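Have a look at the structure below, then the notes.
The values are calculated or read from the model by the stated rules, or taken from the named source; none is laboratory data. Since we're looking at a predicted model, the values are computed, not measured. All Cβ positions, even for glycine, are placed from backbone atoms using ideal geometry, and neighbour counts span all protein chains on display. Calculation scope for accessible area: heavy atoms of the full protein, side chains included, ligands and nucleic acids excluded. Shrake-Rupley method; radii C 1.70, N 1.55, O 1.52, S 1.80 Å.
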Amino acid sequence: MGLNIAAIQNTLELYNLGHLKNSKNVLEIGSQELHLKKADLKQLFDNAGLKSDLVDEYPSNNWPEKPRCPAKYFYKSLGIKEYQSIDINADHGAIPHDLNKPFEDRSKFNKFDIVTDHGS
């Protein structure tokens, strides 16, 4: 699963509107990768008034080929320090969990400023 151009644009708009201003951590339902080309992401950063050279610090992003860049680097660029995800596959360090079953790890309850589900 991954963040495509539309998801990135929407998140950057929320960021520019100040809705992510005090956000320190994010939990994503599904282990997310960036599903856009590096040049497109840099352009979106420029459009949003962010430093596009931040994208140069991301690990390899070969979309649509693999390996792809985990989404946590995008959130880090927005000042969000902690990134976690939940996914049965445990990709990119995700908390391994089958979402067809109740999630009972109470240490994660009420901990996150942002919770996303970009298609799980």
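For ASN22 and SER120, compute 0.36 nm times the residue count separating them, minus their Cα-Cα distance, and round to one decimal in nm. Each step should come with its number before you reach the end.
Working: separation 98, 0.36 × 98 = 35.28 nm, distance 2.61 nm.
Contour length minus Cα-Cα distance gives 32.7 nm.
Calculated from DSSP H runs of 4 or more alone, at -39500 (n - 2.57) each and per residue, what is the 222 nm mean residue ellipticity of the chain, nearest 500?
Taking each H run of at least 4 residues, the total per residue is -6500 deg cm²/dmol.
I need to check one value: relative contact order of the range 24-102, counting alpha carbon pairs closer than 8 Å and at least 6 residues apart, in percent. Spell out each step's value before the answer.
Working: 110 pairs, mean separation 29.4, N = 79.
Computed value for the range 24-102: 37 percent relative contact order.
Taking the dipole about the Cα centre of the range 1-113, with the C-beta of Lys and Arg at +1 and of Asp and Glu at -1, give me whichever of ASN62, TYR15, SER85 is farthest to the positive side.
Value: TYR15.
First compute the accessible area of the chain with a 1.4 Å probe, then give the percent of it belonging to carbon and sulfur atoms.
Carbon with sulfur: 47 percent of the solvent-accessible area.
Going by accessible area, probe 1.4 Å, with all protein chains left in place, what is the ranking of ILE8, ILE29, ILE88, largest first? Mind showing how you got there, number by number?
Values: ILE8 0, ILE29 30, ILE88 115 Å².
Sorted by accessible area, descending: ILE88, ILE29, ILE8.
Can you give the Rg to Rh ratio of the chain, both from alpha-carbon atoms, with Rh computed by the Kirkwood formula? Could the numbers behind the result be given before it?
Values: Rg = 14.2 Å, Rh = 14.8 Å.
When Rh is taken as the Kirkwood radius, the ratio is 0.96.
Report the trypsin sites (Lys or Arg not before Pro) located in the range 64-110 that are in a DSSP loop and have at most 13 other Cβ atoms inside 10 Å of their Cβ, or state none. Could the numbers behind the result be given before it?
Values: sites: ARG68, LYS72, LYS76, LYS81, ARG106, LYS108; in loops: ARG68, LYS81.
Counting only loop positions with at most 13 other Cβ atoms within 10 Å, the trypsin sites (Lys or Arg not before Pro) in the range 64-110 are LYS81.
Measuring with a 1.4 Å probe in the full set of protein chains, what accessible area per residue, in whole Å², belongs to the chain? Walk me through the numbers on the way to the answer.
Values: 7150 Å² over 120 residues.
Per-residue accessible area for the chain comes out at 60 Å².
Which is the longest stretch in the chain that no exposed loop site breaks, taking sites as GluC sites (Glu not before Pro) with a DSSP loop state and at most 14 other Cβ atoms within 10 Å? Mind showing how you got there, number by number?
On the way: sites that count: GLU65, GLU104.
Free of exposed loop sites, the longest segment is 1-64.
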